[in-house]
Amino acid sequence: ELRTRVERSLKLSGRNSMFKTLFSGFPARAEVTPIPNLFFTTVMPQIEDIAELKTVLYIFWLVSRRRGNLQGVTYDELLSDSILMDCFDGEAGSKREALRRVLDRAVQHGIILHLKLDREGKLDDVYLINNEVGRKTVERIQQGKLPRVALAPGEERVSKARLPNIFSLYEQNIGVLTPMIAEELVEAEKLYPPQWIEDAFREAVALNKRSWKYISRILERWAIEGKDDGKPGRDTKKEEGKDKYTRGRYGHIVKR
């Protein structure tokens, strides 16, 4: 009776054409794929292309089944995977272009990492999840610490001078991200310069005040009182008047 009602509901909604056969449900002991909660609260709402969403989820599943030093997937592996490629419409050529396009978009969005590698003479485009394991793997490859794996000739290394994003700073210096903290971090990135954020984390760590609440207070103080040397402190010129603080990029914080 339940199955009949579900089938009727799908027909009425016009969605029954999405499935060749009605899915009968997950078994009690089904294997599961670990996906960070932040994917659903922060990343997924920003993905507009359903093909990108499907590809990213499939990469999560493939990577979760990998073992060894290089927990990633190659472009050729994805291209030859019939389950994934059936998600794309068109002929083989258009599917190939569509896969490359959604992978490039996922890299631009920061969801996955991409490296062109030389694996014992064979050049491969390799994709990794942008998590702690993936980032450390990229770092080890760039440092030449993985056997039989190297960056392809001409492949650019990630600049050591590049500032880490705010999520990485939090994970490295405070701990595990929660969806609520992630929202606050995203908002902070919009309000403050990247260098301020890194300096605020460094200041908090030096004082053994490892909490986002303390770091956000440092940033707010700098926005109001000025920042010259990277340390929170009073602006000695504040007697120039309140208008000094309500003008410019961070005036809204003072007005609030």
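Restricting to segment 113-129, count the residues that are assigned to a loop (DSSP other than H, G, I, E, B) and either buried (at least 20 other Cβ atoms within 10 Å of the Cβ) or among the charged types (D, E, K, R) (or both).
Filtering segment 113-129 for residues assigned to a loop (DSSP other than H, G, I, E, B) gives 120-121.
With the extra rule that they be either buried (at least 20 other Cβ atoms within 10 Å of the Cβ) or among the charged types (D, E, K, R) (or both), the set shrinks to 120.
Result for segment 113-129: 1.
Filter segment 21-60 down to the residues that are of a type in the set (S, T, N, Q) and loosely packed, with under 13 Cβ neighbours inside 10 Å, then identify the one that is nearest to ALA182 (Cα to Cα).
ASN37
Mind checking which residues of segment 61-81 are touching a residue at least 24 places away in the same chain (Cβ under 8 Å) and open to solvent by less than 80 Å² (accessible area, probe 1.4 Å)?
Passing the criteria: VAL63, SER64, LEU70, GLN71, GLY72, VAL73, THR74, TYR75, LEU78.
With (1) surrounded by 14 or more Cβ atoms within 10 Å (Cβ to Cβ); (2) in a helix (DSSP H, G or I); (3) at pLDDT below 85 as the list, and ASP199 as the residue in question, which single condition is left unmet?
(3)
Going by what's in this entry, would GLY134 be described as in a loop (DSSP other than H, G, I, E, B) and either farther than 28 Å from VAL56 by Cβ or not aromatic (Phe, Trp, Tyr) (or both)?
Judged against the criteria, GLY134 is not a match.
May I ask you to list the residues in segment 82-94 that are open to solvent by 30 Å² or more (accessible area, probe 1.4 Å) and either under 17 Å from LEU123 (Cβ atoms) or in contact (Cβ under 8 Å) with a residue 12 or more places away in the chain (or both)?
Of everything in segment 82-94, those that are open to solvent by 30 Å² or more (accessible area, probe 1.4 Å) and either under 17 Å from LEU123 (Cβ atoms) or in contact (Cβ under 8 Å) with a residue 12 or more places away in the chain (or both) turn out to be ILE83, CYS87.
Specify which of the listed residues (ARG148, ARG140) is modelled with pLDDT of 85 or more and not aliphatic (A, V, I, L, M). Full working, then the answer.
Numbers: ARG148 fails: modelled with pLDDT of 85 or more.
Sole residue among the options that is modelled with pLDDT of 85 or more and not aliphatic (A, V, I, L, M): ARG140.
Being modelled with pLDDT of 90 or more and not aliphatic (A, V, I, L, M) is the filter; apply it to segment 95-112 and report the residue that is least open to solvent (accessible area, probe 1.4 Å).
LYS95
The values are calculated or read from the model by the stated rules, or taken from the named source; none is laboratory data. All figures in this text were calculated on a predicted structure; none of them were measured in a lab. A quick note on method: Cβ atoms are made from the backbone with ideal geometry, for glycine too, and the neighbour counts reach across all protein chains shown. To get the accessible areas, we keep the full protein, side chains included, count just its heavy atoms, and leave off ligands, DNA and RNA. Shrake-Rupley method; radii C 1.70, N 1.55, O 1.52, S 1.80 Å.
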